[in-house]
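Single-structure report; data block below.
The values are calculated or read from the model by the stated rules, or taken from the named source; none is laboratory data. Since the structure is predicted, the reported quantities are computational estimates derived from the model, not experimental observations. Ideal geometry is used to build each Cβ from the backbone, glycine not excepted, and the neighbour counts take in all protein chains shown.
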Amino acid sequence: MHTTENLYSAVTDRIVSEIEKGGLLPWQKPWAVTRSNGIGIMPTNAATGRPYSGINIALLWLAAGDHGYPTHGWMTFQQARQLGASVRKGEKATTVVYTTWLEPEEGEEETRRRPIMRTFYVFNLAQIESLPPEFSETPAEVPVESSYQEALKTLDGSGVKVEYRGSQACYVPSRDIIVMPSAGAFKSEEAFFHTAFHELTHATGHKSRLDREFGKRFGDERYAFEELVAELGSAFLCAHHDIQPGNSSDASYIAGWLKVLKQDKRAIFTAASHASKAADWVREQAAKAIDCPAAREIEASY
């Protein structure tokens with residue numbers, strides 16, 4: 001078996017094991033941490049300031065939880081050296097992945113580019129010593145109200161219409177709208193955003209947006225797979241706003257996810273990739289929005 005296949009299996013088996021334990025899901029465990037160098041819940045390369053994406057988010061959340069790291073800042077051994085710092089002796093790296101594309105060689109019948117997964121290794125800031133002072137400074141705490149306000153702007157700035165009525169939340173593809181209960185109907189602000197971002201992730205799959213299609217790969221489990229994408233997308237969007245991802249997954253969904261993951265060792269990688277693209281699309285649209293009057297109206301309903 002190839003090394004990449006071993007990695008697919010190892011990651012999938014770990015996530016399946018975490019799900020089967022019950023309680024919080026692997027992507028619902030980015031515990032609140034001590035903010036340092038501006039890094040909050042979202043795993044971020046502390047040297048470049050760039051958030052990680054795809055399956056790496058879940059991998060780094062799991063690693064931080066396993067070892068009790070107080071920060072979600074990471075960097076490579078070489079990046080630490082370039083900053084005049086060093087990894088403490090005996091510390092073990094965490095494996096993360098990236099995809100490169102193998103171009104067909106001249107004369108090959110197959111002309112399609114092929115994805116190749118590569119691995120590299122990172123260390124948490126807690127494993128590194130002699131970092132410049134700014135990496136250990138604790139900035140002023142961001143008021144939770146500010147996080148909610150920014151999340152509301154993201155929701156409104158996405159451009160997807162949201163109707164606040166009824167007692168059930170859903171995305172209606174035929175009308176391309178999200179239906180949500182009023183904000184006050186939720187037990188907490190976190191629950192509201194977890195649900196809203198879940199439905200918003202569904203909406204990104206519309207043909208006018210990311211046109212998310214899974215073909216025959218997941219067969220009868222396509223619905224369960226799309227729910228997994230939406231759940232991950234919600235967790236990623238919440239984390240970008242330093243909002244703790246929710247814990248309201250239906251047992252039937254979880255059973256469907258386990259079936260998909262056990263049948264296809266690459267499924268969690270594919271789902272995380274789709275979720276990350278969805279979260280990026282939402283954030284890009286929100287960044288383009290100049291004014292968000294609906295956000296003010298929603299905020300007033302709390």
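Brief remarks follow.
- Here residue 78 fulfils each of the conditions (1) surrounded by fewer than 14 Cβ atoms within 10 Å (Cβ to Cβ); (2) in a loop (DSSP other than H, G, I, E, B); (3) at pLDDT 90 or above apart from (2).
- Set 225, 197, 193, 214: member being surrounded by 14 or more Cβ atoms within 10 Å (Cβ to Cβ) and either over 22 Å from the mean Cα position of the chain (by Cα) or modelled with pLDDT under 90 (or both): 214
- Leading residue by the ranking (modelled with the lowest pLDDT) among those in the range 228-277 that are β-branched (Val, Ile, Thr) and in a helix (DSSP H, G or I): 254
- A search for C-beta distances below 8 Å between a residue of the range 57-71 that is farther than 13 Å from residue 14 by Cα and any residue that is modelled with pLDDT under 90 and part of a helix (DSSP H, G or I), counting only pairs 6+ apart in sequence or on different chains, returns 57/27.
- Selected residue [touching a residue at least 40 places away in the same chain (Cβ under 8 Å), assigned by TED's automatic domain parsing to the domain that holds residue 159 and under 22 Å from residue 19 (Cβ atoms)] from 182, 234, 252: 234
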